[in-house]
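Heads up: the structure comes next, in structure tokens.
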Amino acid sequence: MTSAGARLFGAAARWVLIASPAFLLFGCEASVLDPKGPIGAQEKTILLNALAIMLAIVIPTILATLGFAWWFRASNTRARFLPDFVYSGRIELVVWAIPVLTITFLGGLIWIGSHELDPAKPIASAQPTTEVEVVSLDWKWLFIYPKEGIASVNQLVIPAGRPVHFSLTSASVMNVFFVPQLGSEIYTMNGMATQLNLEADHPGTFYGQSAHFSGDGFSDMHFQVRAVTPAAYAAFIAGAKQSGVPLDERAYALLSRQTIPDQPFTYRAVGPDLFQAILSRKAAPGPGPAEGRGGAGVSPRSEGSHAG
């Protein structure tokens, strides 16, 4: 192999190594590239469209770089060298037109997508919308079902094929609610409420997580999303109303401590104004990770015994 050929082979091998992780993502489950709802599907389309637009520039640039390196090699006597070249209007036009067109296409894609996928925009459906209030704590997730009068921790059960409207806040530091296969991660902030609309197309179990570092227990701050049939959802509500303890003031004080439950659990009753009390700070905010680093806050495991 000639030295020029070796250089080309080495460059190609490096690009393969760089691109391999991106291609592996297409085989990953429980990711944004494996959507299970209409919002996630639209976000996947935007990602792939943006990738195609960028590859339309990246691939020709790589090929042109390799082509120029090969053509203008020292041994090629046919190559025409112009050491005194200064300016070409045609080359300038091409050099500037390509990135301008790329930015225009990407900007249009983002503009349209950001309006179509506004988290607060309701999902058009003939099915009724399920209401869920979400509270991020240290280091767990509280899901309140206001119409049903129950609550769950680290497990979100929703009816498949029906839109779900989330109202989200934080009882401690800022966090991020994210279910990759359903789409649209969104911040939860103390004293503020954000809105999110998602839907699961079919029954299934999906991974949910905190996508923002929030202290010692952040790595375990994940939850399970179960999309079930309407009958199974009704059974879940009925079962939750018959188990656990009420989420009263004392139970919430225990829940707001810096702990990580060993398993999901439910509360059989919850006050209709709890979410508003947390939002308006009538319920005292959690201590936050800064105050939990002395002693018990470093090992925030909990048996969840307060759930009954």
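The values are calculated or read from the model by the stated rules, or taken from the named source; none is laboratory data. This one's a predicted model, so the numbers in the text were calculated from it and none came from an experiment. All Cβ positions, even for glycine, are placed from backbone atoms using ideal geometry, and neighbour counts span all protein chains on display.
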Mind checking which strands (runs of 3 or more DSSP E) fall wholly inside the stretch 180-222 and carry at least 2 residues that are over 17 Å from residue 288 (Cβ atoms) and out of contact with any Ser or Thr (no Cβ under 9 Å at 6 or more places or on another chain)?
-> 204-210
Among the listed residues 107, 40, 89, which satisfies the condition of being surrounded by 10 or more Cβ atoms within 10 Å (Cβ to Cβ), more than 30 Å from residue 206 (Cα to Cα), out of contact with any helix residue (DSSP H, G or I) (no Cβ under 8 Å at 6 or more places or on another chain) and not aliphatic (A, V, I, L, M)?
-> 107
Here is a list of conditions, (1) farther than 16 Å from residue 135 by Cβ; (2) modelled with pLDDT under 95, and residue 210 meets all of them except one; can you say which number that is?
-> (1)
Identify all residues within the stretch 167-178 that are in a loop (DSSP other than H, G, I, E, B) and either surrounded by fewer than 19 Cβ atoms within 10 Å (Cβ to Cβ) or at pLDDT 95 or above (or both); write none if there are none.
-> 174
Selected residue [at pLDDT below 90 and outside any helix (DSSP H, G or I)] from 286, 297 | 286
Check on residue 219, among the small types (Gly, Ala, Ser) and surrounded by fewer than 18 Cβ atoms within 10 Å (Cβ to Cβ) | yes
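Quickly run through the stretch 146-166 and pick out the residues that are part of a loop (DSSP other than H, G, I, E, B) and either closer than 16 Å to residue 281 by Cβ or of a type in the set (A, V, I, L, M) (or both).
160
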Test: residue 190 is more than 18 Å from the chain's Cα centre (by Cα) and on the phi < 0 side of the Ramachandran plot = yes
Subset tally (residues that are in a loop (DSSP other than H, G, I, E, B), farther than 30 Å from residue 265 by Cα, in contact (Cβ under 8 Å) with a residue 24 or more places away in the chain and within 18 Å of the chain's Cα centre (by Cα)) for the stretch 106-142 = 2
Residue 99 vs. criteria out of contact with any Lys or Arg (no Cβ under 8 Å at 6 or more places or on another chain) and part of a helix (DSSP H, G or I) = yes
Please state which one of 227, 193, 234, 200 is aliphatic (A, V, I, L, M), free of Cβ contacts under 8 Å to residues at least 12 places away in the same chain and under 25 Å from residue 128 (Cα atoms).
-> 234
So residue 153, is it at pLDDT 95 or above, over 17 Å from residue 279 (Cβ atoms) and touching a strand residue (DSSP E or B) at 6+ places or on another chain (Cβ under 7 Å) | yes
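One line per residue, one yes/no per condition, for (1) touching a Pro at 6+ places or on another chain (Cβ under 8 Å); (2) surrounded by 12 or more Cβ atoms within 10 Å (Cβ to Cβ); (3) at pLDDT below 90:
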| residue | (1), (2), (3) |
| --- | --- |
| 50 | no, yes, yes |
| 53 | no, yes, yes |
| 63 | no, no, no |
| 71 | no, no, no |
| 84 | no, no, yes |
| 114 | no, no, yes |
| 135 | no, yes, no |
Hits in the stretch 97-150 - residues which are among the β-branched types (Val, Ile, Thr), touching an Asp or Glu at 6+ places or on another chain (Cβ under 7 Å) and within 17 Å of residue 236 (Cβ to Cβ) | 144
Take the residues of the stretch 274-284 that are farther than 14 Å from residue 147 by Cα and among the aliphatic types (A, V, I, L, M): which is surrounded by the fewest Cβ atoms within 10 Å (Cβ to Cβ)?
-> 284
For the stretch 256-273, enumerate the residues that are out of contact with any Pro (no Cβ under 9 Å at 6 or more places or on another chain) and buried (at least 20 other Cβ atoms within 10 Å of the Cβ).
-> 261, 265, 266
Please tell me if residue 245 is buried (at least 18 other Cβ atoms within 10 Å of the Cβ) and closer than 26 Å to residue 281 by Cβ.
-> no
